[in-house]
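First comes the structure, then the notes that go with it.
The values are calculated or read from the model by the stated rules, or taken from the named source; none is laboratory data. Quick caveat, the model's predicted, so the values are computed rather than measured. Cβ coordinates were reconstructed from backbone atoms using ideal geometry, including for glycine residues, and neighbour counts include every protein chain displayed.
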Amino acid sequence: MADYERYALGNFRLQSGEVLDDAVLAYETHGTLNSRGDNAVLLPSWYTGTHRSWRSIIGAGRALDPARYFIIAVNMFGNGISSSPSNSPRQGGAGFPAVSVGDNVRAQYQLLTEHLRVRELALVAGWSMGAMQAWHWAAVYPQQVKAFLSICGSARCWPLNFVFLEGVKAALLADAAFDHGNYRQPPRAGLAAFGRCYAGWAYSAAFYRDELYRNLNFATVEDLLREWERDHCQWDANDLLCMLATWQQADISRDPAFGGRFEEAISGIRARAIIMPCDTDSYFTEEEAFKEYRLLSRAVWRPIRSPYGHCAGAPGRFAAETALIEQGMAELLPQKD
């Protein structure tokens, strides 16, 4: 039995002009929407994340308390639960159309306003690609978004981030079994190489130098690398590449409302915000996060100081870092009914 709900979008027109046939968003809710429709918190998923990835920090007495807030954890297109290459009968595999961050956000807006009857979002919070969606929400729907939290994320895919993704993608595409996305059996060698390459970017130099992988119950670097291989071999290759393409093309200024004017898109954001990069993140860098932060009018700059690199921002993964994330959420959320 599925542990999520499904919302049918019908034939959903994408930013590219293509149509995603019989599009579906999968999501999970916690708590109850109030009569004003304004106690909602949106939690978009991230690359290889799902609605389940947020559960560890949702609960009584926590910042995300279902007794106070209506919490929606939504799956992005391409993650294997919402419409994806692996589960779309009419556009499956290599025939799945390119989906943008903006497409995800517009679909989520339809889910929230037309189906769940949400009028305002008290908070949109996200890590990594989830943060990209949070930025987009705040820029495109300034009337609806009261606050957003960007954890190790950005308003666009900056050049180094793009090149990093080209590297892991190349490792997968080099497997002849991938066959331009028309594989009959999973391209396991390519998936394993993808995961092994990714591990070098996910954590910091100090993480490896100081053997902090032992804190994650890995005795050696090789043990960690094999786990990254194993994890990626569980994913559908076209799903991974679908999400990766969404990531690489992320840029709030590509929304038609902004016509490529990146600084204007950010400066028009009205929501209160906390921008929370990690100082050792190798691809969502602190320097580039600061370039975006300085364009906001109502934001707090609060970097995470951690040796865990990009993974420091994963909700629930590391205790001290998660405490900072929850503190930020608590500060942005209204504390009175």
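I'm trying to understand the selection: among the residues of segment 84-133, which are part of a helix (DSSP H, G or I) and over 18 Å from the mean Cα position of the chain (by Cα)? Can you show your working first?
Our first condition is that a residue be part of a helix (DSSP H, G or I); within segment 84-133, this holds for 93-95, 101-115, 129-133.
If the condition is that a residue be part of a helix (DSSP H, G or I) and over 18 Å from the mean Cα position of the chain (by Cα), then GLY93, ALA94, GLY95, GLN110, THR113, GLU114, HIS115 are the ones that fit.
Is it the case that ASN79 is without any contact (Cβ under 8 Å) to a residue 24 or more places away in the chain, assigned to a loop (DSSP other than H, G, I, E, B) and either buried (at least 22 other Cβ atoms within 10 Å of the Cβ) or not assigned by TED's automatic domain parsing to the domain that holds VAL168 (or both)?
no
What number of residues in segment 41-57 are part of a strand (DSSP E or B) and either over 12 Å from the mean Cα position of the chain (by Cα) or within 17 Å of VAL99 (Cα to Cα) (or both)?
Total meeting the criteria: 2.
Inside segment 170-274, counting only helices (runs of 4 or more DSSP H) that do not spill past its ends, which hold 2 or more residues that are closer than 23 Å to PHE148 by Cα?
Filter on segment 170-274 gives 237-248, 262-267.
Filter segment 298-337 down to residues that are among the polar types (S, T, N, Q) and modelled with pLDDT of 95 or more and give me whichever is farthest from ALA273 (Cα to Cα).
SER306
Inside segment 283-301, can you point out the residues that are part of a loop (DSSP other than H, G, I, E, B), within 20 Å of the chain's Cα centre (by Cα) and not polar (S, T, N, Q)?
If the condition is that a residue be part of a loop (DSSP other than H, G, I, E, B), within 20 Å of the chain's Cα centre (by Cα) and not polar (S, T, N, Q), then TYR283, PHE284 are the ones that fit.
Out of all the residues in segment 220-268, which are surrounded by fewer than 19 Cβ atoms within 10 Å (Cβ to Cβ), under 26 Å from PRO85 (Cα atoms) and of a type in the set (A, V, I, L, M)?
ALA245
Filter segment 285-296 down to residues that are more than 16 Å from HIS136 (Cα to Cα) and either of a type in the set (Ser, Thr, Tyr) or touching a Gly at 6+ places or on another chain (Cβ under 6 Å) (or both), then give me how many there are.
1
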